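**Q** Quick one: this structure, given as structure tokens, is what I'll be asking you about.
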Amino acid sequence: FFFFLYYLKIKDENIFNFFCDRLSEVYPMHDIDRELCYQYFKYFELPKNTLYEKQGEIPQYQNYILSGFMRKFYTDTDGNEITVEINSEPRFIASYMSLMERKPATESLQTITDCKILRIKRDDMDIVFEKGVSVKQYTIQLFQNIIEEKNKKAVELATLTAEERYLKLLKETPQLLQNVPIQYIASLLGMKPESLSRIRKRLNK
């Protein structure tokens, strides 16, 4: 599966400063960490519908979405694509456990829209962790947040009705409805596209 991948040097310091400022909101960022991130994170542009990482392959990068929408999904034994995350800027996205343990990914990553990202190689992450002051602590906090989000989603799937899950998504991330195909949203909410269409039609009466 071929795609075009555009690499550009980070000439606009505003992009880099935006990235570091957002990280600092989660965990205070030391000057040396800013320097290391500037050295090892690279800027890329990805066209829409790019299959960026594949299930079953060892992921090579930690990715940060600057703009656009990406999804994480897996293909089940019947060949169905199950969307487990839809992420938009500004946010990290990766098959985290597979990335850190250098094991084949259990999910694929795909762009939904044109995306601009920063990414760092897995090997370079070790260098940043070793030389930096706060990036490793940030990553630990990031993993904790991811675990909490997964637990929260599992509870919602078990306790909320399909309509309640849709209304919650509509309230918290309304931008998804303008940018993401309905089949991906339905899969994320644990329902069929036709079921979501009926819910939307009923609510719009």
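The values are calculated or read from the model by the stated rules, or taken from the named source; none is laboratory data. From a predicted model like this one, the values you see are computed outputs, not experimental measurements. Please note: Cβ atoms are built from the backbone with ideal geometry, for glycine as well, and neighbour counts cover all protein chains shown. Side chains are part of the model used for accessible areas, which takes the heavy atoms of the whole protein and leaves out ligands, DNA and RNA. Shrake-Rupley method; radii C 1.70, N 1.55, O 1.52, S 1.80 Å.
**Q** Of the numbered conditions (1) farther than 23 Å from S195 by Cβ; (2) surrounded by 14 or more Cβ atoms within 10 Å (Cβ to Cβ), E130 fails exactly one; give the number of that condition.
**A** (2)
**Q** For region 189-197, does any single residue satisfy the condition of being closer than 30 Å to V26 by Cα and open to solvent by less than 50 Å² (accessible area, probe 1.4 Å)?
**A** Yes: one or more hits.
**Q** If I ask for residues that are touching a residue at least 24 places away in the same chain (Cβ under 8 Å), open to solvent by 10 Å² or more (accessible area, probe 1.4 Å) and of a type in the set (A, V, I, L, M, F, W, C), which ones from region 85-99 would you list?
**A** Passing the criteria: I86, F92.
**Q** Filter region 33-91 down to residues that are in contact with a helix residue (DSSP H, G or I) (Cβ under 9 Å, 6 or more places away or on another chain), at pLDDT below 90 and under 18 Å from P181 (Cα atoms), then give me how many there are.
**A** Qualifying residue count, region 33-91: 1.
**Q** Moving on. Return the pair list, or none, for Cβ contacts closer than 9 Å from residues in region 37-50 that are touching a residue at least 12 places away in the same chain (Cβ under 8 Å) to residues that are hydroxyl-bearing (S, T, Y) and surrounded by 19 or more Cβ atoms within 10 Å (Cβ to Cβ), at least 6 apart or on different chains.
**A** Short answer, once both residue conditions are applied: F41/Y64; L46/Y52; L46/T111; P47/T111; K48/T111; N49/T111; T50/T111.
**Q** Please state which one of F143, F129 is part of a helix (DSSP H, G or I), touching a residue at least 12 places away in the same chain (Cβ under 8 Å) and aromatic (F, W, Y).
**A** F143
**Q** What residue, among those in region 32-58 that are open to solvent by less than 10 Å² (accessible area, probe 1.4 Å) and closer than 29 Å to E130 by Cα, is farthest from the chain's Cα centre (by Cα)?
**A** Restricting to residues being open to solvent by less than 10 Å² (accessible area, probe 1.4 Å) and closer than 29 Å to E130 by Cα, the top hit is D33.
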